[in-house]
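The values are calculated or read from the model by the stated rules, or taken from the named source; none is laboratory data. Since the model is a prediction, treat every value here as computed from it, not as a measurement. Here Cβ is always computed from backbone atoms with ideal geometry, including for glycine, and neighbour counts include all displayed protein chains. Surface areas here come from the heavy atoms of the whole protein model, side chains and all, with no ligands, DNA or RNA. Shrake-Rupley method; radii C 1.70, N 1.55, O 1.52, S 1.80 Å.
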Amino acid sequence: MPIIPPSPADHEADFVTDSALGIDHATAPDDTRAEDLQAALACLDDAALFISGHDAEDRYREDWSGGRGCPLAVLRPRTPQHVALAIAAVGSLRLPVAIQGGMTGLVGACVPQPGEVVLSLERLNQIEEIDETNQTMTVQAGVKLQEAQEAAAARGLLFPIDIGSKGSCHVGGIIATNAGGNRVLRYGMTRQSVLGLEVVLPDGQIVTNLNKATKDNAGYDLKHLFIGSEGTLGVITRAVFALQPLPRSTQTAIVSVQDFSQVVALLRHCRHRLGPKLTSFEVMWRDFYDIVTRELSIGRPAFPVLGTHLVLVEAMGQDPDVDDEAFANVLGDFLADVPHTDAVLATSIAEASAFWAVREASGEAAAAVKPYAAFDVSLPIASMENWVNRIHGQLDQLGVTRTQTYGHLGDGNLHLVAGYPQDRPELKLQICDLVHRSIGELGGSVSAEHGIGITKKPYLGLSRNPEEIALMQAIKRAIDPHQLLNRNRVFDLP
Ligand SMILES: Cc1cc2nc3c(=O)[nH]c(=O)nc-3n(C[C@H](O)[C@H](O)[C@H](O)COP(=O)(O)OP(=O)(O)OC[C@H]3O[C@@H](n4cnc5c(N)ncnc54)[C@H](O)[C@@H]3O)c2cc1C
């Protein structure tokens, strides 16, 4: 199912302001530097490798954060060796590089800053091997997530990561951001599925460890340094993913409950009764569900009387003869025990897709309340209800017009969108400060899955202590002393 997103331009900027972030649309690329780079790369003899900044299409200028920049040039290597040579060439000219995957990132990290060369991985798009014995896929960084999922399914295997942007995002991008998504409850974040990795370091060295075994304690497990590092330490060129058996049955339901304590009770019940079969537990508050189903007419309200929260529950199993009935019984027992709850079970793939369409309409829903500030936070489930109620009240007092609240609740991950009046742009910063500070006070994370990039940089210190940030900076200095790759993303170096 490809995503049909509103264009990045419709998707209101998650930026505080472009100027505050040093994004300068007016700066034209420096032609002399671009010509030097083109000359340095001429030996690669690849006519499609180099695009000048003037000719760069919009897709190299803006990601889903809504930020926009102007690259010095765009490089599109088609092999890991060419990535290495390209990085060595830009390094020799001390040109900073913005690494780009599928450009679905939400924190502005891919937007070229003035003077930066874009390195796009879009031509590294080969699935090199599916090893059915080891249940692994060896894949180049620029393969789209959905293509990897489909290729695995065609061999009876499951590519375990699944996120709303799968039609556009790359496997290299999901590794660089350690993406989460809809099946973290069962399969973990992307990190848990990566067995081997190949990266190009800022000096142009290729470091290859395309390991296929789950167990490998031979010294430091270096791949974990690069997974989730948001392109600040190396360019991911290839990876080995652990695949899973393709489930033979899927059960999907929407459950309506009357308060947050019933959401928590349902999560506990499903975990206990479904065990590892539980793949997704997605909660939608009414402020999100009503906009999607009523105003955007995506899906339709599943119940005559709606509760305060709607929960999308999904399980996957290997035994179609018993799984459907077992799932129905699990939910039936919950409804019998907990008053005023209701559930609809999907009886076809089309119905299950319609349930998911509501949850995955987050981009369209946010666009409907723009301008807005969007948040991706995590906090202990026990603190969630109080936090949501308190923050809704505080946002209301601040002048926020509408909120949308939803999330991958089983992982403690909440998304919050706060719409504010068009004529009060100054509110955005106040909203961001308020939400992130309150999360920091509770010991939560200001970025559950989207990363820090540029837009969340001011808030990193709310979720990481000074010693941790100093260690991150020391690692960056050691691996990338000239700050060539994704400079000033995640943190600034003094
Ligand atoms: C509709 C929608 C739904 C989304 N849902 C989720 C979700 O459920 N869970 C979630 O975690 N995220 C989600 N996201 C955010 C985004 O899709 C993910 O962060 C995704 O992993 C980004 O992949 P990409 O290929 O588009 O990377 P890009 O946006 O191109 O890049 C993201 C970061 O990774 C770096 N990078 C990209 N490729 C490489 C590489 N080969 N080597 C080194 N660095 C690289 C970039 O420099 C940048 O820092 C969603 C986004 C949208 C628009």
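Points to keep in mind about this one:
- The one condition from (1) in a helix (DSSP H, G or I); (2) hydrophobic (A, V, I, L, M, F, W, C); (3) in contact (Cβ under 8 Å) with a residue 40 or more places away in the chain that residue 474 does not meet is (3).
- Of all the listed residues (260, 281), the sole one being open to solvent by less than 20 Å² (accessible area, probe 1.4 Å), in contact (Cβ under 8 Å) with a residue 60 or more places away in the chain and within 14 Å of the ligand (Cβ to nearest atom) is 281.
- All helices (runs of 4 or more DSSP H) inside the stretch 127-228 with 1 or more residues being open to solvent by 20 Å² or more (accessible area, probe 1.4 Å), among the charged types (D, E, K, R) and within 15 Å of the ligand (Cβ to nearest atom): 145-154, 184-187, 223-226
- Flag for residue 255 being touching a Leu at 6+ places or on another chain (Cβ under 7 Å) and surrounded by 22 or more Cβ atoms within 10 Å (Cβ to Cβ): yes
- Options 18, 30, 24: the member that is away from the ligand (no atom under 16 Å from the Cβ), under 23 Å from residue 202 (Cβ atoms) and either modelled with pLDDT under 90 or open to solvent by less than 10 Å² (accessible area, probe 1.4 Å) (or both): 30
- Taken together, the residues in the stretch 72-124 that are within 13 Å of the ligand (Cβ to nearest atom), closer than 18 Å to residue 208 by Cα and in a loop (DSSP other than H, G, I, E, B) amount to 3.
- Selection from the stretch 455-489 of residues that are closer than 15 Å to residue 108 by Cα and open to solvent by 30 Å² or more (accessible area, probe 1.4 Å): 457, 458, 487, 488
- Residue, nearest to residue 94 (Cα to Cα), within the stretch 449-462, restricted to residues that are within 16 Å of the ligand (Cβ to nearest atom) and free of Cβ contacts under 8 Å to residues at least 60 places away in the same chain: 457
- Residues in the stretch 456-471 that are touching a Ser or Thr at 6+ places or on another chain (Cβ under 7 Å) and either outside any loop (DSSP other than H, G, I, E, B) or in the same structural domain as residue 431 (by TED's automatic domain parsing) (or both): 463 only.
- All conditions in (1) more than 16 Å from the ligand (Cβ to nearest atom); (2) modelled with pLDDT of 95 or more; (3) of a type in the set (A, V, I, L, M, F, W, C); (4) closer than 25 Å to residue 185 by Cβ hold for residue 469, with the sole exception of (4).
- Failed condition for residue 322, given (1) over 23 Å from residue 256 (Cα atoms); (2) not in a helix (DSSP H, G or I): (2)
- Residue 347 meets each of the listed conditions (1) away from the ligand (no atom under 16 Å from the Cβ); (2) outside the structural domain of residue 436 (by TED's automatic domain parsing); (3) part of a helix (DSSP H, G or I); (4) free of Cβ contacts under 8 Å to residues at least 60 places away in the same chain apart from (3).
- Single match in 368, 361 (criterion: touching a Leu at 6+ places or on another chain (Cβ under 7 Å), open to solvent by 40 Å² or more (accessible area, probe 1.4 Å) and within 15 Å of residue 288 (Cα to Cα)): 368
- Filtered by the rule that a residue be of a type outside the set (A, V, I, L, M, F, W, C), more than 21 Å from residue 177 (Cα to Cα) and in a helix (DSSP H, G or I), the stretch 414-439 gives 428, 430, 433, 437, 438.
- Test for residue 237: is it in a strand (DSSP E or B) and open to solvent by less than 20 Å² (accessible area, probe 1.4 Å): yes
- Restricting attention to the stretch 372-401, the residues that are out of contact with any helix residue (DSSP H, G or I) (no Cβ under 7 Å at 6 or more places or on another chain), away from the ligand (no atom under 16 Å from the Cβ) and not in a helix (DSSP H, G or I) add up to 2.
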